[in-house]
Amino acid sequence: MSARAHTTQRVLLITLGALLVTFLVAPVLALVVSTSPADLGAGLSHPLVWPALRLSLFTTLASLVIVVCLGTPLAWVLARSRSRRAHLVETALQLPIVLPPAVAGVALLMAFGRHGLLSFLYGEGDSVVFTTTAVVMAEVFVAAPFYLQAAISAFRKVDERLVVVARSFGASPLRVFFSVALPLSLPALVAGASMCWARALGEFGATLMFAGNLEGVTQTLPLAIYTALETDLRVAQALSIVLVVVAFTLLLVVRAATRRANPDRHPR
C-alpha cells in the first residue's frame, strides 16, 4: 500500500474519532462557556444550592463508607472463591448497573416501602421512604457495584504465592487480608471508591422515586438541578458546573490510581 493510501486512511480514522470527541465534549464545553462569572456567582448564591450541596456531600460520603466497609470483605471472599454460587452472586451484584433508574426506585419501594417486603425491619407505620436515609440507601444500591467490580478485579490480581507464604508463616486469614491483600490492591480500591462516589453523587432517578425531592431532606444536587430548571436556568447551570468539576476531579483520581496500580501499562 502506498504512503498516500496510508495517509488517507489515517485521516479518515482521525476524522471519525474527532466526530465522536466533538459530540462528547461540546455539551460540557457549552455548559461552561455559556455561563459568565456573574451568572455563576448568582446561581451559586441561590437558596436552593447550599442545602442540596451539603446533603449531597453527607449522603454520598455516608454511602461510600457503607459500600467500602461492607463491600471490601465481600469482594475478597468472592475473588477467592471459585464456586458457581459465588459467580452467580457476583453477577447478581452487577445487576443495578444495567437497571434503569426508575426500575431501581420501584424495586427499593417494593423492598423497603411502608408495605414492602422488608418493612418488618422497622415499626408498624414507620418507613424510610422520603427520608435522608432513603437517599443513602438509593445511592448505595446504584453505586456499590462500581466499587465491587474494581475490588474483585484487584483482589484476583493478588499473587496467590504471597497468600500461601503468609499462611505458611502462621498468618490468619484476617491477617493475610489486612497485611497482604489490602496494601497490594489499594490503588485499585481507591479508583473503585472514586467511581462509586461519582455515581452516588450523580444519582437521580432512584432517589427521586424512593426518597422524593424534599428541600433540605432528600433534595440532592441532581434533584436541585431538576427543580431549578423550572424557575432559574442560572442555578441549574451553576450546579451542573459544580458536578462537572467534581466528576472531572474524580476521573483524574481514578486515572492516577489506575496508573499506580498498573505502572507497566501506563508508562510515564
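If the requirement is being closer than 29 Å to Leu61 by Cβ and without any contact (Cβ under 8 Å) to a residue 24 or more places away in the chain, which of these qualifies: Leu189, Leu201, Leu174? Walk me through how you get there before you give the answer.
Details: Leu189 fails: without any contact (Cβ under 8 Å) to a residue 24 or more places away in the chain; Leu201 fails: without any contact (Cβ under 8 Å) to a residue 24 or more places away in the chain.
Being closer than 29 Å to Leu61 by Cβ and without any contact (Cβ under 8 Å) to a residue 24 or more places away in the chain holds for just one of Leu189, Leu201, Leu174, which is Leu174.
Arg161 - would you say it is surrounded by fewer than 18 Cβ atoms within 10 Å (Cβ to Cβ), free of Cβ contacts under 8 Å to residues at least 24 places away in the same chain, under 25 Å from Ala62 (Cβ atoms) and not β-branched (Val, Ile, Thr)?
When the stated conditions are applied, Arg161 does not pass them.
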Leading residue by the ranking (nearest to Gly212 (Cα to Cα)) among those in the stretch 108-140 that are among the hydrophobic types (A, V, I, L, M, F, W, C) and in a loop (DSSP other than H, G, I, E, B):
Phe130
Does at least one position in the stretch 119-135 carry a residue that is at pLDDT 90 or above, closer than 30 Å to Arg175 by Cα and not hydroxyl-bearing (Ser, Thr, Tyr)?
no
Index of the failed condition, Glu90 passing every other in (1) of a type in the set (D, E, K, R); (2) assigned to a helix (DSSP H, G or I); (3) at pLDDT below 90:
(3)
Please indicate, with yes or no, whether at least one residue in the stretch 45-56 is in contact (Cβ under 8 Å) with a residue 24 or more places away in the chain and among the small types (Gly, Ala, Ser).
yes
Name the residues in the stretch 35-62 that are of a type outside the set (A, V, I, L, M, F, W, C) and either in a helix (DSSP H, G or I) or crowded, with 16+ Cβ neighbours inside 10 Å (or both), would you?
Thr35, Pro37, Asp39, Gly41, Gly43, His46, Pro51, Arg54, Ser56, Thr59, Thr60
Filtered residue count, the stretch 176-217, keeping only those that are of a type in the set (Ser, Thr, Tyr) and more than 15 Å from Asp159 (Cα to Cα)
2
For the stretch 196-219, which residues satisfy the criterion of being in a loop (DSSP other than H, G, I, E, B) and either surrounded by fewer than 22 Cβ atoms within 10 Å (Cβ to Cβ) or polar (S, T, N, Q) (or both)?
Gly202, Phe204, Gly212, Asn213, Leu214, Glu215, Gly216, Val217, Thr218, Gln219
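The values are calculated or read from the model by the stated rules, or taken from the named source; none is laboratory data. Predicted model only: the values in this text are computed from it and were never measured. Neighbour counts are summed over all protein chains in view; Cβ atoms, including those assigned to glycine, are modelled from backbone coordinates with ideal geometry.
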